[in-house]
């Protein structure tokens with residue numbers, strides 16, 4: 001599989017000691033400094049973004065969500081109870097009603 005061309009740059013302010021440490025570590029790995037830094041940083045960045053952008057629901061919360069979305073005309077009281085149960089289960093505070 002062909003590699004995507006790297007066309008962007010990222011400038012970092014680091015100390016001379018940090019640069020030397022990265023250079024030495026990259027050499028030990030047989031990598032350039034760019035390859036070494038990217039191989040260390042990119043997986044952490046991917047995991048962080050995925051955690052931030054993924055919503056995880058318990059099975060009961062998922063069932064409640066599906067039930068509400070599949071009901072043609074959900075009753076407001078039922079929706080309110082289900083939402084309260086979901087919020088309680090996910091430990092999120094419910095907004096105060098006006």
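If only residues of the range 12-57 that are within 25 Å of the chain's Cα centre (by Cα) and in a loop (DSSP other than H, G, I, E, B) are counted, the one that is nearest to residue 87 (Cα to Cα) is 57.
Residue 92 meets each of the listed conditions (1) within 30 Å of residue 6 (Cα to Cα); (2) at pLDDT below 80 apart from (1). Evaluate the following for residue 9: is it outside any helix (DSSP H, G or I) and at pLDDT below 90? No.
Can you name every residue in the range 12-23 that is surrounded by fewer than 10 Cβ atoms within 10 Å (Cβ to Cβ) and either modelled with pLDDT of 95 or more or out of contact with any helix residue (DSSP H, G or I) (no Cβ under 9 Å at 6 or more places or on another chain) (or both)? Lay out the reasoning, then the answer.
Start the filter on the range 12-23 by keeping residues that are surrounded by fewer than 10 Cβ atoms within 10 Å (Cβ to Cβ), which leaves 12-13, 15-17.
Hits for the range 12-23 are 13, 15, 16, 17.
Beta carbons closer than 8 Å, at least 6 apart along the sequence or on distinct chains, pair a first residue in the range 23-34 that is within 14 Å of residue 6 (Cβ to Cβ) with a second that is loosely packed, with under 12 Cβ neighbours inside 10 Å for 34/6.
Before we move on, is residue 46 surrounded by 10 or more Cβ atoms within 10 Å (Cβ to Cβ) and in contact with a helix residue (DSSP H, G or I) (Cβ under 7 Å, 6 or more places away or on another chain)? Before the answer, list the steps.
Numbers: surrounded by 10 or more Cβ atoms within 10 Å (Cβ to Cβ): yes; in contact with a helix residue (DSSP H, G or I) (Cβ under 7 Å, 6 or more places away or on another chain): no.
It is false that residue 46 is surrounded by 10 or more Cβ atoms within 10 Å (Cβ to Cβ) and in contact with a helix residue (DSSP H, G or I) (Cβ under 7 Å, 6 or more places away or on another chain).
The values are calculated or read from the model by the stated rules, or taken from the named source; none is laboratory data. None of these values were measured; they are calculated from a predicted model. As a convention, Cβ positions derive from the backbone with ideal geometry for all residues, glycine included, and neighbour counts pool all protein chains shown.
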